[in-house]
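Below you'll find the structure, written out as structure tokens, and then a few comments.
The values are calculated or read from the model by the stated rules, or taken from the named source; none is laboratory data. Since we're looking at a predicted model, the values are computed, not measured. Here Cβ is always computed from backbone atoms with ideal geometry, including for glycine, and neighbour counts include all displayed protein chains. The area values use the complete protein model at the heavy-atom level, side chains included, leaving out ligands, DNA and RNA. Shrake-Rupley method; radii C 1.70, N 1.55, O 1.52, S 1.80 Å.
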Amino acid sequence: MILTIDEVKNTRFRMATRRSGYEAADVDVFVDKVEATLHELTDERDTLARQLESVTSTVGSGANDEELRQQLEAK
């Protein structure tokens, strides 16, 4: 099962009835870090997908290697 950013953000943990449970504040901090990481990875994935689409469409138009290299370096 793959978690979405919203699922991570909205995850809540039950409070432990004994002292052996996790501290809620520690769990909240961890979930916040996971959420931020997922946002960064999602943004990076979207950027890479756009770059790939751009390169793929350029290759289909018959561009040479130097043109492709310049496009990739510009991004």
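Each peptide in 32-40, 46-54 receives the mean, over its residues, of other Cβ atoms within 10 Å, and ordering these scores from highest gives 32-40, 46-54. Couplings for the range 21-38, taken from phi via the Karplus curve 6.51 cos²θ - 1.76 cosθ + 1.60 with θ = phi - 60°, read x, 7, 6, 4, 5, 5, 5, 4, 4, 4, 4, 4, 5, 4, 4, 4, 5, 5 Hz in order; Gly and Pro are left as x. Residues in the chain average 89 Å² of solvent-accessible surface per residue, probe 1.4 Å, ligands and nucleic acids excluded. Neighbours of His39 by Cβ distance under 12 Å: Lys/Arg scored +1, Asp/Glu scored -1, total -4. Equivalent-ellipsoid semi-axes for the chain (Cα gyration tensor, √(5λ), whole Å, largest first): 45, 11, 7.
Accessible surface of the chain, 1.4 Å probe: 54 percent of it comes from carbon and sulfur atoms. Only Cα pairs under 8 Å and 6+ residues apart enter the sum, and on that basis the relative contact order of the chain stands at 25 percent.
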